[in-house]
Ligand SMILES: C=C(O[C@@H]1C=C(C(=O)O)C=C[C@H]1O)C(=O)O
């Protein structure tokens, strides 16, 4: 296991070297070094501009409402994999990296390295899909922001006992650069005006027919709930700038989690999701049921009426309860004791409102977050119930590959803390081409036309933020 030492505030490169060298000498087995240094508060998008760009392999996550963010750029260690054991294999890789790693934290830098992960919706994906079914990487550069602290963590392989000096010089330079930009207000460079040249959505008639088929499967007792999505593809005149999209998303959807995953090969999957699959902090697991939707009203009175109608609508309540019960049961099967209220609250986003039940459970240290993610994904909020029959219906009825849509993206750190989001309200970007998916839950009483309206509302909100 890695040693952990601290250094009081570092003023110069020679102090950094004098701190790291003896620690490395005392740990001859270390193959990876992670170095954490304290920073003043800074804008995560500004930090990204120093560490690299959306063209690099990256994971970006920001919650504007709580001022939490993680910016992770470039791989110091990377694994791409597929198959039914992908969550467990990702955890094995993380354990192996931690076992070979030496982690050093300077005073005030009490946040360690994180491993950033993305998993596709299904365990295997078509050969043409841009994303690997599972990716986990230890970032070369990471800035983590919390309300009370900001920390740079640089990680790199130690090839031999001499070459680390050059890496350390680079770390020192980046550290100085980040400290300097923290003093300045941040603004993205102006983006050139862009426009859509072409837009094409999957056939609305085949979506309606899919909804009818799911309703027939429910009537026949093969399904309790299904979730069907539509896909929209668009081509813009110029390449879409992911940093610009994220900046817009964080302004428009400040109460959501803004995220971006890039494979460093030209594909970026980003979005503003209201849905957290699972998070762990200090031994507490937090998850939620989010299902059941209504539009926002034009006036306060109309909005409240829509919200109250949503909370009293038996069809929406059933759709929601199936999700809450599934999560409760899954956590209980993992030996946990989840707490949740019987009545869902309202979660109001700028364009839509949902039924929402927060769920929490103490999590023993022996149970990693990824084990919980493996059991929860896909919840009936994005797949349906029973899981297997719902997944088969999706494969049969959706005329496109879900890829990363509605799948888990997130991170876990060296202390077992972390967060996985559900990758909805999202888009895949490749240069000037984008692909968006959005879905809706189908239960008895669902109307194909209404589901189509709900899905299109979700698609348009995302499309409008892309250029
Ligand atoms: C599937 C999506 O959203 C899910 C479906 C919802 C619903 O049907 O009411 C609500 C929230 C999400 O759990 C999506 O946005 O694509």
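What follows draws every value from the coordinates through simple rules; no lab data is involved. For clarity, every value in this text was computed on a predicted model and none was experimentally measured. We place every Cβ from the backbone using ideal geometry, glycine too, and count neighbours over all the protein chains shown.
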What's the percent breakdown of Cα-Cα distances in segment 1-84 across 5 Å bins, shortest bin first?
3, 9, 17, 15, 17, 18, 14, 5, 1, 1
Computed P(r) (all Cα pairs; the chain; 20 Å bins; percent)
24, 56, 19, 1
Largest-first principal axis extents, alpha carbons of segment 239-394, Å:
47, 43, 37
Shape call, segment 4-181: gyration tensor on alpha carbons, a/c limit 1.5
oblate
Could you give the length gained by full extension between residue 99 and residue 187, i.e. 0.36 nm per residue of separation minus their alpha carbon distance, to one decimal place?
27.7 nm
Give me the angle, in degrees from 0 to 90, between the Cα long axis of helix 204-219 and the longest principal axis of the Cα atoms of the chain, rounded to the nearest 10.
80 degrees
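Taking 8 Å as the Cα distance limit and 6 or more residues as the minimum spacing, I'd like the relative contact order of segment 4-181 as a percentage. Please list the in-between numbers first.
Numbers: 328 pairs, mean separation 60.5, N = 178.
After rounding, I find 34 percent.
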Residues in segment 361-390 reached by a label modelled at residue 110 [backbone nitrogen below 18 Å; 7 Å Cα→Cβ]
none
Taking the mean number of other Cβ atoms within 10 Å as a proxy for protection, how do you rank 357-370, 103-116 from highest to lowest?
103-116, 357-370
Sketch the reach of a paramagnetic label on residue 315 as a point 7 Å from Cα along Cα-to-Cβ, and name the residues of segment 430-451 whose backbone nitrogen lies under 13 Å away.
441-451
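Report D for segment 207-280 in µm² per second (integer): Stokes-Einstein, Kirkwood Rh on Cα pairs, 4 °C, 1.567 mPa s. Display every interim value, and only then the final one.
Numbers: Rh = 15.8 Å.
Rounded to a whole number, D works out at 82 µm²/s.
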Please compute the length gained on full extension between residue 197 and residue 25, using 0.36 nm multiplied by the number of residues separating them and subtracting their Cα-Cα distance.
56.0 nm
Under the Debye formula (equal points on every Cα, no solvent term), log10 I(q)/I(0) of segment 196-466 at q = 0.10, 0.12, 0.13 Å⁻¹
-0.50, -0.74, -0.87
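Work out the FRET efficiency for residue 389 and residue 233 from their Cβ-Cβ distance, taking R0 = 22 Å, and round it to the nearest 0.05. Please report the intermediate quantities before stating the final value.
Numbers: r = 29 Å, r/R0 = 1.30.
Efficiency computed from Cβ-Cβ geometry: 0.15.
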When the chain is fully extended, how far beyond the present Cα-Cα distance does residue 432 get from residue 12, taking 0.36 nm per residue of separation?
146.8 nm
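Using a Förster distance of 51 angstrom, determine the FRET efficiency expected from the C-beta separation of residue 55 and residue 450, and round it to 0.05. Don't skip to the answer; put the middle values down first.
Numbers: r = 41 Å, r/R0 = 0.80.
Given R0 = 51 Å and the Cβ-Cβ separation, E is 0.80.
Computed FRET efficiency, Cβ-Cβ of residue 148 and residue 82, R0 51 Å: what is it to the nearest 0.05?
Values: r = 39 Å, r/R0 = 0.77.
That pair, residue 148 with residue 82, gives E of 0.85.
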Going by alpha carbons, how many degrees (0 to 90, nearest 10) lie between the helix axis of 164-181 and the longest principal axis of the chain?
60 degrees
Separation of alpha-carbon centers, segment 49-94 and segment 269-309, rounded to whole Å
24 Å
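Kindly identify segment 306-434 as rounded, prolate or oblate by the Cα gyration tensor criterion: order the square roots of the eigenvalues as a ≥ b ≥ c, call it rounded if a/c is under 1.5, otherwise compare a/b with b/c, prolate if a/b is larger, else oblate.
Verdict is rounded for segment 306-434.
So for the chain, averaging the separation of alpha carbon pairs under 8 Å that are six or more residues apart and normalising by length, what relative contact order in percent results? It would help to have the intermediate numbers written out before the result.
Values: 1031 pairs, mean separation 97.0, N = 467.
About 21 percent, as a whole number.
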Treating the angle as unsigned and between 0 and 90°, give the value, to the nearest 10°, between the Cα long axis of helix 448-466 and the longest Cα principal axis of the chain.
30 degrees
Relative intensity, log₁₀ I(q)/I(0), of segment 164-295 from a Debye sum that treats every alpha carbon as a point, q = 0.13, 0.18 Å⁻¹:
-0.98, -1.35
